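Below is one structure, written out as structure tokens; comments come after it.
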Amino acid sequence: MKKIILFLLSFLFIGNIFATNWKLEWINLITREQWWANDKFLFKDYKWYQNLIKNNERYIKHLKKNRKRWKKYLENIAKRKTRERYLLNHFRNEVRADKVIKTINWKKLRWNIAYKYHKTKIIIHHTAANYDRFKTKQDVEKYIKWVYYFHAIKRWWWDIWYNFLIDKFWNIYEWRKWWEWVIGANSKWNNVPSIWIALIWNFEIQKPTKKQIQALEKLIYVLSKKYKINPYKQVIYHKEDNHYPYIKNVRNFSIVGHKDTWHTSCPGKYVYQLLPKIRDDVYNMLKNPHFVVEKLTKGENIIKLWTKFTLTNKIILTNPKFKNIEKCDWNIKWIAIRCEKNRIILYRKYFVGIKYFNFYVSLNNKKYKVIFRPIFIDDIREIIRKKAEKYIKNKSNIKVKKIKYKVSLQEAKKFTKQNVRVLLYDLSYKNDYKLNCSNYCNLITDIKTFKKIKKFKVEKLKNYMLLWINKKSYAVKYIDSETKNGTIEFENYNRKSWAWIKWNIFRWDIIFRKDFIKNINNWKIENKFVVINELNFEDYLKWIAEVNDQVPYEYAKLMSLLAKSYLLFYFNKKNIHPSIPKNSSYNAIDDPRVFQKYVWAWYEKTSKRWSKILKETKNTYLVYENYIPILPYFSCSKWFTFSAKQKFHRIDTPYLVNNIDLAKCDKFYWHWVGLSWKWAQFLAKKWFKVKQILQWYFPGVKIVR
């Protein structure tokens, strides 16, 4: 009697499992029942199964008639058994199933259903289908039904190979029956510990849609969270080989393409080349949980409260309706809550994974349930994009191109061997100058050359300059003062740094000449005598003072690359900087209001690590599709940055995106496009490296040598 009761209980338990409409948390999954899958194909009593047995018997008889084919068939069986023995001996825990089911409701299955409850690998595929004809979700579902028929009936398999399928409309389908822990047959010798995701389309020919990749990343993220899969962990895959034991082991990441595990071109070159980015994105999502809080009350709409985005263990929740928070009740050991007026502060021991957890808030003698649920980075970006659109007043259909000339990487490398001419803006608006040479200067003018001069004076008049040497004056139109292993100091130029070190000392050449200059106050172009500092490329970068020694090292390193890229983009003057007239002889300005903060003496004397950073990044460049991009930066934002398309209507700088940027200022400053110092420094303080900060602000831009 006991045995009968136990049997009935186990039967009910199994039946309940298979009857459950299972879903992955946080994924809107289209189930097999919703797209229609005929589960009669699974059982031996289905009439088509008898035909399968007869066909197999005919095939064996056909092979036996031909000695060579029969011999080859037996050799393949022997090799297969050798591979199986090898894997069982060396990777027993990986290749053994946790559970095997042969019948359901006393009905025999065509194939045994084997389960592996702990997965360690995710393998990406493509269906190699022509996607162009699919215009709607209904077209995709028709295709899925056809694939199901092709796999389960025509090919005599009991089900579809893959666990999940993703179409170009961001829909995720449950494809193989009984969820991702069932062992299937999509990547031979790697099936047991793997989850398989297929994307519809032939990615040898076509490129995946953005939504398709976003859906893929979201699904991988949830699966990685569930099975604790690290995208960068190296695991072992098994490929067939011609030498004993007829299998070889290869190491690769836990998230790979089908071609990494088998001799195939799947998942196609256009998806395969995106795998590093997919791993990066999933890794970032695993590292950065994003939360939204919902207040649920009867008869009221759901009110969403955005948390302050943070990488620490502190979350601050605020809402104007939280006028008087009286009490917080919770039952979760790993969270502490402090209630203050108008806000709730949550402290967590670790940021480890995203889970549902609830607590109650008492407001005005009413008890409210507050629910935390995860929200994905792409969802936040979509909301941020809509917010940014509201700020843009001038919404027009104008399309602007910022890039007049694509500076190639090879051309940029040549520029670094040339001299830079920097306009000294404030000095150009002075009328007289007293200069001291630390060693001595050679003065080259349009009338003669003066050698070994220690002191001289320059006075600007309307059509010429007076050069004073030893109380003698010379009327000249051009002066090039060359230093020999020394410096030139402007005596009557009192610009000083916060450390009281003068900014009036320069190396290399100081040039006085008539040139075109834009007046920053009214933006009118003037033709007047200006002051230019000419020096080599490396020394120019040494004296860019956009960061100090107190900022995080990774942030300072990225800023060195941005400063270099900014100059390289404008170096040949085909890409016109708005502050530099087209016909001028200089290609940089020292004023940070319009170009870069170029000083000399202060930075060389006070910065202890900038020169070290420049040595590390000397032969390193930032490129986008093999050309130098324009990568602006500014101080800080108001929760987010703008894309160049939103702000300036540019269509040729897709890497200047609208993104989350939460080191908030009171209002927007400067141009609001690109990298903001404040939030970038915060990311660098936590755990972001140069590459990750770069991808946060400028997706698609790469670091190359």
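No lab work stands behind these numbers, since they all come straight from the coordinates. Note that the coordinates shown come from a computational prediction; the quantities given were computed from them, not determined experimentally. When we count neighbours, we look across all protein chains shown, and the Cβ atoms used for this are built from the backbone with ideal geometry, even at glycine.
Some values worked out for this structure:
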| item | result |
| --- | --- |
| Cα-Cα over 31 Å, subset of Lys417/Lys678; Lys135/Lys404; Lys228/Lys269; Lys116/Lys239; Lys430/Lys471 | Lys417/Lys678; Lys135/Lys404 |
| Efficiency of FRET from Cβ geometry, Glu204 and Trp523, R₀ 60 Å, rounded to 0.05 | 0.70 |
| Virtual spin-label span in nm between Asp426 and Lys401, 7 Å along Cα→Cβ | 4.0 nm |
| Whole-number percent relative contact order across the stretch 502-601, with pairs defined as alpha carbons under 8 Å at least 6 apart | 32 percent |
| Extension reserve of the Arg609-Lys81 stretch, reckoned as 0.36 nm per residue once the Cα distance is removed | 183.9 nm |
| Relative contact order (%) - criterion: Cα under 8 Å, at least six apart; region: the stretch 384-522 | 18 percent |
| Order of Leu109, Leu622 - criterion: other Cβ atoms within 10 Å of each residue's Cβ, fewest first | Leu109, Leu622 |
| Pairs from Lys457/Lys477; Lys399/Lys574; Lys413/Lys686 whose Cα-Cα separation, in the structure shown, is over 22 Å | Lys413/Lys686 |
| Sites Lys484 and Asn249 - FRET efficiency at Förster radius 45 Å, r taken between beta-carbons, to 0.05 | 0.10 |
| For the stretch 572-606 versus the stretch 526-564, the gap between their alpha-carbon centres in whole angstrom | 9 Å |
| Net length gained if the chain between Gln418 and Asp549 were fully extended (0.36 nm per residue, minus Cα distance) | 44.3 nm |
| Across Lys210/Lys390; Lys528/Lys557; Lys225/Lys564, pairs whose alpha-carbon gap is larger than 29 Å | Lys528/Lys557; Lys225/Lys564 |
| Least to most buried among Lys457, Lys116 (fewest other Cβ within 10 Å first) | Lys457, Lys116 |
| Virtual spin-label span in nm between Arg96 and Arg133, 7 Å along Cα→Cβ | 4.8 nm |
| Prolate/oblate/rounded label for the stretch 635-705 (Cα gyration tensor, a/c 1.5) | oblate |
| Difference of contour (0.36 nm per residue) and Cα-Cα distance, Ser635 to Asn619 | 3.0 nm |
